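All remarks here apply to the structure that follows.
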Amino acid sequence: MPTFLAGVAVALSAAALLLAVLAWSRTRRPTGAEDLPMDTVGLRREVAALRKEAAGALRHLAVVRYDAFEEMGGRLSWSLALLDDGGDGVVLTSIRGRNEARTYAKNVTGWRSDQELSPEEEEAITHSRVSTR
């Protein structure tokens, strides 16, 4: 009889442990989820706020490397476009010569610049525009 009671006690303990684990797993939320709203409307607002915040980020990036001079090889010159979703940002260009390098920065607004752009700078802007689509 004592063996039977010990077996029943072990079985009840195992069942209680199993129920406790199941209850705990249902109430536990993933790390970081405590800041998220639980309703759909709240989640939609959160996503809209994140999209608005990301619109100003420099997400459209492209580099074009080239040889600026015939005597220079290795494509050491480059143009880099750094633009946000509205096409606002900057194009940086470094032209490498035999004895010197020159660097230029040109503002870009709405995918265009008020300053004259080189073909390589135009290409960098074009590539950056399609880089996140």
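The values are calculated or read from the model by the stated rules, or taken from the named source; none is laboratory data. Treat the numbers as computed from the prediction; the structure is a model and nothing was measured. All Cβ positions, even for glycine, are placed from backbone atoms using ideal geometry, and neighbour counts span all protein chains on display.
Only one entry in Met72, Met38 is outside the structural domain of Ala124 (by TED's automatic domain parsing), at pLDDT below 85 and in a loop (DSSP other than H, G, I, E, B), namely Met38.
Comparison of Glu100, Glu123, Glu70 shows that the only residue that is surrounded by 13 or more Cβ atoms within 10 Å (Cβ to Cβ) and among the acidic types (Asp, Glu) is Glu123. Within the stretch 48-67, the set of residues being modelled with pLDDT of 90 or more, under 29 Å from Pro119 (Cβ atoms) and outside any strand (DSSP E or B) comprises just one member, Asp67.
Selection of the stretch 79-95 for residues being in a strand (DSSP E or B) and touching a residue at least 24 places away in the same chain (Cβ under 8 Å) yields Ser79, Leu80, Ala81, Leu82, Leu83, Gly89, Val91, Thr93, Ile95. Among the residues of the stretch 34-87, count how many are of a type in the set (A, V, I, L, M), within 27 Å of Glu122 (Cα to Cα) and within 24 Å of the chain's Cα centre (by Cα). Number of matching residues: 12. How many of the residues in the stretch 101-131 are assigned to a helix (DSSP H, G or I), within 14 Å of Asp84 (Cα to Cα) and not aliphatic (A, V, I, L, M)? So the answer is 4.
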